[in-house]
Amino acid sequence: MTKTNPGNYFEDFEIGQVIRHATPRTIAAGDQALYTALYGTRFAVQSSDAFARDLNYAHAPIDDLLVFHVVFGKTVPDISLNAVANLGYAGCRFLAPVYPRDTLSAVSEVIGLKENSNGKTGVVYVRSTGYKSDGTEVLDYVRWVMVRKRDAGTPAPEPVIPELPKALAADALGDAVPLLDIEAWDDDLSGSPHRFAAYEVGEKIDHVDGMTVEEAEHQLATRLYQNTAKVHFNQYSEGKGRFGKRLVYGGHVISLARSLSFNGLGNVFHIAAINAGRHVAPLFAGDTVFAWSEVLDVATLPGREDVGALRLRTVATKDRPCTDFPLKDSEGNYVEGVILDLDYWALIPR
Amino acid sequence: MTKTNPGNYFEDFEIGQVIRHATPRTIAAGDQALYTALYGTRFAVQSSDAFARDLNYAHAPIDDLLVFHVVFGKTVPDISLNAVANLGYAGCRFLAPVYPRDTLSAVSEVIGLKENSNGKTGVVYVRSTGYKSDGTEVLDYVRWVMVRKRDAGTPAPEPVIPELPKALAADALGDAVPLLDIEAWDDDLSGSPHRFAAYEVGEKIDHVDGMTVEEAEHQLATRLYQNTAKVHFNQYSEGKGRFGKRLVYGGHVISLARSLSFNGLGNVFHIAAINAGRHVAPLFAGDTVFAWSEVLDVATLPGREDVGALRLRTVATKDRPCTDFPLKDSEGNYVEGVILDLDYWALIPR
Amino acid sequence: MTKTNPGNYFEDFEIGQVIRHATPRTIAAGDQALYTALYGTRFAVQSSDAFARDLNYAHAPIDDLLVFHVVFGKTVPDISLNAVANLGYAGCRFLAPVYPRDTLSAVSEVIGLKENSNGKTGVVYVRSTGYKSDGTEVLDYVRWVMVRKRDAGTPAPEPVIPELPKALAADALGDAVPLLDIEAWDDDLSGSPHRFAAYEVGEKIDHVDGMTVEEAEHQLATRLYQNTAKVHFNQYSEGKGRFGKRLVYGGHVISLARSLSFNGLGNVFHIAAINAGRHVAPLFAGDTVFAWSEVLDVATLPGREDVGALRLRTVATKDRPCTDFPLKDSEGNYVEGVILDLDYWALIPR
């Protein structure tokens, strides 16, 4: 009987099962400093205590995606160590600001199970929640992964497939943002003159800049999140595998795209929800990431005059500039070079 | 009409114009930790709260060059996004200590303009000032860059070339250093027995050690400073460019040279002013940086018995040890391998 | 007369000599963040303020090995700059918890000297102690290095070889851990159900995972520790040397092995003592590190019901998985691929 973690197999999950994940993690200003060094993020709210406090935050909050990655990382050893594929996420909401010295933990509930027809794998749906040590929930999302069965002979469970929203409703947004004193918002300091009213549905923005990824960078990032997925770290085994090299953590791509999006979305200071995300193709060290965004929808928030919401699709590519907004071909397949298709709600001052 | 930042062109600048830069940045102890990891700096004042407090600082101050890079980085999107070349800096003074949790912002004033005879570019001189959220100025410097014109047909402005000091006067130094209780200075802990009186004008010091630069390192550094200059990050485009590879940010070289200079200048704890700086040749990942220094001048500071000033020239090279103090050939051209020629005032205990 | 540090030669050491090392270093939460990013460590006590406080710590303590590396780094310029080889360490005890904002300094006493028969080198034994600015000792260890003589003609000193314990006694352990409220230990959050009683002498654990090392990573780590050993940083000179490349700092390997050991030793939260360590072969960037451990002994601590001690041997390899627990061949030589053989005491809740 081994003391190492073999991970859970499809048979180990059952509907309603609740898994409390290791390792609680205190997020410090130093984590935010490292996050800045990894992605070059420039959103003023997360960068400056003074800017954030003038608006009504207690301090500069920790970057939304750093919170996401830390919570996500905790779920890996229990949920996806034996995963064949990460199939998607949905219904991700940011529920409370996270500040330096907050401690984050995560718990997951199994909400769906469906064995695949080959009898060797199955799809597991979990709702994962990140919370502070005082119990405050900070993040909530559903993801589904294809997981190996330990034994193909085990009978299939009754299939349960949860209903997932295509997109969150506008009234579910904004919980992680205190009511802001928006008069204090300074467009010079934030880096963009464009507020809520300036963005129109259907508008597309090429974020212009490109960022080349190095092995040391994505490894540092993924370890910072205490994410243990083996494919990111072990060249000895990955060198013998399908791609011959280490894969970059998908969340690293999301953070790169978000950081690049500052150029065009400088006032879009907070990710309020992720409606859906798809990692279309793998990214490797040496590749250069570009991004573009489309405004899918705009919405005001009930009871709030300070901020509005943009529903955005941000698409990332590798080794392919985005001047022509690459996405899908006439048959509906993603074109060569697209690596991420992310649908999310983000807040911007009105 | 694009929402991305196209940067300013030569025609966009006018004398007296004041530009408030994005993004304010709270500097944390974690930034200093990362700075230490990037350069291996060992000056005791910036490394130790206890050492700094014994001398009369509130805490260990943030490294001078980290302050410089953060302020400089803010100016890039507005001043030098369309720059053909960074021509120089002058008159840079450090005006107040910066401590963890201080928030830095930057503002620039256009103080000089001169169109080049080709009609396609011009030189822009700006005085940039970094300040804390309470208004305290921490840094002040002039730099000049060659910037593209949007349209060669635009008429040239009246040329204005500011008068710049060759070197700052000794009475302009020391504002960023509180009056020190110099009895508390411990040469064992600082790592050098050599104080102010031990250095003589004309003395040259080979700093001996070499440091090889990796892509991940200079990218992490330059993003930490939220510096968005494209040439440092994008292998896709730089691979097609003049050098075929990414350029290392010039400030990274300055920090490497400063860190190497500890070996020989261990008590030279504070850069008080930068008189002039020239990036003689580009640095690339894989190159190994060496450095040597010459004492150009020594000065006491009016009203201060605690510290004195050394005017230093620190020269950095790549893939060339500095045992023979490489600089210029008989025709006055920098010899092969020299990448940086920096003239600055630094403080040292008496 | 040079102002650069030439390092000490064998003749410069004498029995009883006490060397106070530069540079004092304030450790911040940001150092711990960077340490997490470098190794992906997941032990709950060091990761979470909340977890640590529930147990009776003031906060999450700084990782034991980060403390070790910082103290060790300080000794390098004085003890091993002219070292031919690091021969070993012994009797290393962790004496007090280190918290963010503590400042660490180091002092060494020469306790042994023995010239080698070739007359060109000698072995120097030092006891190094790390302490906080209030004088609290945090770490104490002996190491011995082979150091060059400045002049082969210098007469040999009277040989003195200190008696070193093969392993520390159990009653010397635990000073760096307050008496814990062990009822508060949560196995879900710590990531392992296995406590003291679950481990048996002779038990071997393959830690399964592998971690590939990049140049930027080990350089960042070694500079974070302000360790100036030249072989880690200078490709220009190392490229002409014995291996043709930079060597990874041995302590980096120890930290990687410790981090990998979480998978199987998740509750082994504290290194209380290092009995002996041997760097069997060098590690280079691009190599993938694996590890396995054997339980050498178990011990209760006098007067403590909260924690017990495991004496562990952790072996690290490069480019060689550890499913078969590689160590020595029938002739007692380490087998190909083994790079580290570390014997230490670690604490685990009862």
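List of remarks:
Residues are listed down the side, and each one gets a yes or a no for (1) touching a Leu at 6+ places or on another chain (Cβ under 7 Å); (2) on the phi < 0 side of the Ramachandran plot:
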| site | (1), (2) |
| --- | --- |
| A:HIS218 | no, yes |
| A:GLY244 | no, no |
| A:VAL253 | yes, yes |
| A:GLY266 | no, yes |
| A:VAL280 | yes, yes |
| A:LEU310 | no, yes |
| A:LYS318 | yes, yes |
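- Enumeration of residues in region B:271-327 that are assigned to a loop (DSSP other than H, G, I, E, B) and among the hydroxyl-bearing types (Ser, Thr, Tyr): B:THR323
- Residues satisfying the stated conditions in region B:267-311, i.e. charged (D, E, K, R) and under 21 Å from B:VAL142 (Cα atoms): B:ARG278, B:ARG311
- Any hit, region B:152-169, residues being more than 9 Å from every other protein chain (Cβ to nearest Cβ), in a loop (DSSP other than H, G, I, E, B) and open to solvent by less than 20 Å² (accessible area, probe 1.4 Å): no
- Wholly enclosed helices (runs of 4 or more DSSP H) of region A:26-142 bearing at least 1 residues at pLDDT 95 or above and of a type in the set (Asp, Glu): A:29-39, A:49-55, A:64-75
- Lone qualifier among B:PHE51, B:PHE68, B:PHE43, B:PHE72 - being crowded, with 24+ Cβ neighbours inside 10 Å and assigned by TED's automatic domain parsing to the domain that holds B:VAL147: B:PHE72
- Criterion: open to solvent by less than 30 Å² (accessible area, probe 1.4 Å) and in contact with a Lys or Arg (Cβ under 7 Å, 6 or more places away or on another chain) - qualifying residue of A:VAL147, A:VAL123: A:VAL123
- Selection count where residues are without any contact (Cβ under 8 Å) to a residue 40 or more places away in the chain and either under 22 Å from the mean Cα position of the chain (by Cα) or surrounded by 13 or more Cβ atoms within 10 Å (Cβ to Cβ) (or both), scope region A:316-335: 8
- The listed residue being under 24 Å from A:GLY239 (Cα atoms) and either within 8 Å of chain B (Cβ to nearest Cβ) or free of Cβ contacts under 8 Å to residues at least 12 places away in the same chain (or both), out of C:GLU214, C:GLU238: C:GLU214
- Which numbered condition B:PRO165 fails, given (1) touching a strand residue (DSSP E or B) at 6+ places or on another chain (Cβ under 7 Å); (2) under 14 Å from B:VAL298 (Cα atoms): (2)
- Which numbered condition A:SER190 fails, given (1) of a type in the set (S, T, N, Q); (2) under 30 Å from A:ALA85 (Cβ atoms); (3) open to solvent by less than 40 Å² (accessible area, probe 1.4 Å): (2)
- Enumeration of residues in region C:196-213 that are open to solvent by 30 Å² or more (accessible area, probe 1.4 Å) and touching an Asp or Glu at 6+ places or on another chain (Cβ under 8 Å): C:VAL201, C:GLY202, C:GLU203, C:LYS204
- Of the residues B:LEU95, B:LEU81, B:LEU38, B:LEU87, the single one that is within 14 Å of another protein chain (Cβ to nearest Cβ) and open to solvent by 20 Å² or more (accessible area, probe 1.4 Å) is B:LEU81.
- Whichever residue in region A:184-205 is more than 7 Å from every other protein chain (Cβ to nearest Cβ) and of a type in the set (D, E, K, R) and, among such residues, is nearest to B:THR26 (Cα to Cα): A:ASP186
- Residues of region B:98-113 satisfying the condition of being open to solvent by 10 Å² or more (accessible area, probe 1.4 Å) and away from chain A (no Cβ under 13 Å): B:GLU109, B:ILE111
- Once region A:256-271 is narrowed to residues that are out of contact with any Asp or Glu (no Cβ under 8 Å at 6 or more places or on another chain) and under 25 Å from A:PRO178 (Cα atoms), the residue that is farthest from the other protein chains (Cβ to nearest Cβ) is A:ARG258.
- C:VAL126 vs. criteria in contact with a Phe, Trp or Tyr (Cβ under 7 Å, 6 or more places away or on another chain) and of a type in the set (A, V, I, L, M, F, W, C): no
- Selection within region A:219-238 - at pLDDT below 95 and basic (Lys, Arg): A:LYS230
Residue-by-condition table, conditions (1) farther than 26 Å from A:ALA170 by Cβ; (2) among the basic types (Lys, Arg); (3) within 14 Å of chain B (Cβ to nearest Cβ); (4) touching a His at 6+ places or on another chain (Cβ under 8 Å):
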position: A:PRO282; (1), (2), (3), (4): yes, no, no, no
position: A:ASP287; (1), (2), (3), (4): yes, no, yes, no
position: A:PHE290; (1), (2), (3), (4): yes, no, yes, yes
position: A:GLU294; (1), (2), (3), (4): no, no, yes, no
position: A:PRO302; (1), (2), (3), (4): no, no, no, no
position: A:ARG313; (1), (2), (3), (4): no, yes, no, no
position: A:LYS318; (1), (2), (3), (4): yes, yes, yes, no
position: A:THR323; (1), (2), (3), (4): yes, no, yes, no
position: A:LEU327; (1), (2), (3), (4): no, no, no, no
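- All positions within region A:7-35 that are more than 30 Å from C:PRO100 (Cβ to Cβ) and within 9 Å of chain C (Cβ to nearest Cβ): A:ILE19
- A single member of A:SER128, A:SER117 is more than 14 Å from chain B (Cβ to nearest Cβ) and closer than 25 Å to A:ILE19 by Cα, and it is A:SER128.
- Of all residues making up region B:6-16, the number that are open to solvent by 50 Å² or more (accessible area, probe 1.4 Å) and within 25 Å of the chain's Cα centre (by Cα): 2
The values are calculated or read from the model by the stated rules, or taken from the named source; none is laboratory data. Because the structure is a prediction, the values reported are computed rather than measured. Please note: Cβ atoms are built from the backbone with ideal geometry, for glycine as well, and neighbour counts cover all protein chains shown. Remember, those area values only see protein heavy atoms, side chains included, never the ligands or the DNA or RNA. Shrake-Rupley method; radii C 1.70, N 1.55, O 1.52, S 1.80 Å.
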